[in-house]
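One structure is given below, encoded as structure tokens.
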Amino acid sequence: MSEQIATNAVPRAAAIPRSEAGGSLVKWGLIAVALLFLAFFLIVPLILVFGEAFKKGWEIYVQSIVEADVISAIKLTLLTAGLTVPLNVVFGVAAAWAITKFEFRGKNLLITLIDLPYAVSPVISGLIFVLLFGAQGVFGPWLAEHDLKIIFAVPGIVLATTFVTFPFVARELIAVMQTQGSEEEEAALSLGASGWQTFFRVTLPNIKWGLLYGIILCNARAMGEFGAVSVVSGHIRGQTNTLPLQVEILYNEYNFAAAFAAASLLTILALVTLVIKNIVEWKNKQSGRIYP
């Protein structure tokens, strides 16, 4: 009997290394596939962008960037982000506070509306603003009567960009506040703190990393937005072209050196955003709070 047990144990013992070897093979195979995917869709495009940007030399690169239309596009991009991000911060904090700290009718509807830009194509959202504020739109005659211009002007670009970016801050903060609960705020209020004191001394310190994370994502999307802005901008050179639109125009004109030089600025922005995002994630882990 003991010999039979020993005999039966041999195949089982031998099967363990084979199982581990198979698991190791699968693991390294998946890692190799992921690395190949990243190389093909991330690293190679980055190399091509900078390679084409500097293909004709440093002087041509600098000349392409300091060209008047490109400078105007950079300024408009920064202006749009500078207006859009604060608006999204105010909306995101207010929406997250209301959703996580209070119960009210229409709460699920508000959450659905916050997620709406994820489901609607940016081009469609831009078209909606044209139908609302364009010359033939719902409010078009009234705007023309009062000499107000939204479509094919900076206000339309800011509105369209705000619409496609407003979920980022709100969604980050909703997840953070739901995880933290309301115990600390309730304790502060019970000790006599006012609503604003509770927010600035209790809530804001607890959500600061999640808020910064949402701001980073919002800013990156605002500067790189193309679809909605393309519809409402009118592509007026030197006036309503953001940097992504300027890249498209230069490329369509076969001015590849200038197009890739402008595109390299957006690429640098993406890389800087990625570095800051990783720093924030590291800070989250160090503080003991891991946010989505």
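Read-outs: derived from the displayed coordinates by stated rules, not from any lab. Only a predicted model underlies this, so the values are computations on that prediction, with no experimental measurement involved. Every residue, glycine as well, gets a Cβ built from its backbone with ideal geometry; the counts of neighbours run over all protein chains shown.
Assorted remarks:
- Furthest towards positive pole of dipole, H235, I111, N278, structure part the chain, Cβ charges: N278
- Low-density loop positions, trypsin sites (Lys or Arg not before Pro), segment 181-247 - DSSP coil, at most 13 other Cβ in 10 Å: R237
- Size descriptor for segment 31-123, Kirkwood hydrodynamic radius: 18.1 Å (Cα pairs only, one decimal).
- Candidates per chymotrypsin sites (Phe, Trp or Tyr not before Pro) in segment 73-155, loop by DSSP, up to 10 other Cβ within 10 Å: F102, F104
- Phi to ³J(HN,Hα) by Karplus 6.51 cos²θ - 1.76 cosθ + 1.60 over segment 128-134, Hz, x for Gly, Pro: 4, 5, 5, 5, 8, 10, x
- Computed from phi, the 3J(HN,Hα) profile of segment 184-198 under the Karplus parametrisation 6.51, -1.76, 1.60 (θ = phi - 60°) reads 5, 5, 5, 5, 5, 5, 5, 8, x, 6, 7, x, 5, 4, 4 Hz, with x in place of Gly and Pro.
- Dipole magnitude of the chain about its Cα centre (Cβ charges: Lys, Arg +1; Asp, Glu -1), debye to nearest 20: 460 debye
- Debye-sum result for the chain in log10 I(q)/I(0), which assumes one identical scatterer on each alpha carbon, at q = 0.07, 0.09, 0.10 Å⁻¹: -0.42, -0.63, -0.73
- For the peptides 162-169, 251-258, 66-73, 37-44, residues were scored by their other Cβ atoms within 10 Å and the scores averaged per peptide; the highest-first order is 162-169, 66-73, 251-258, 37-44.
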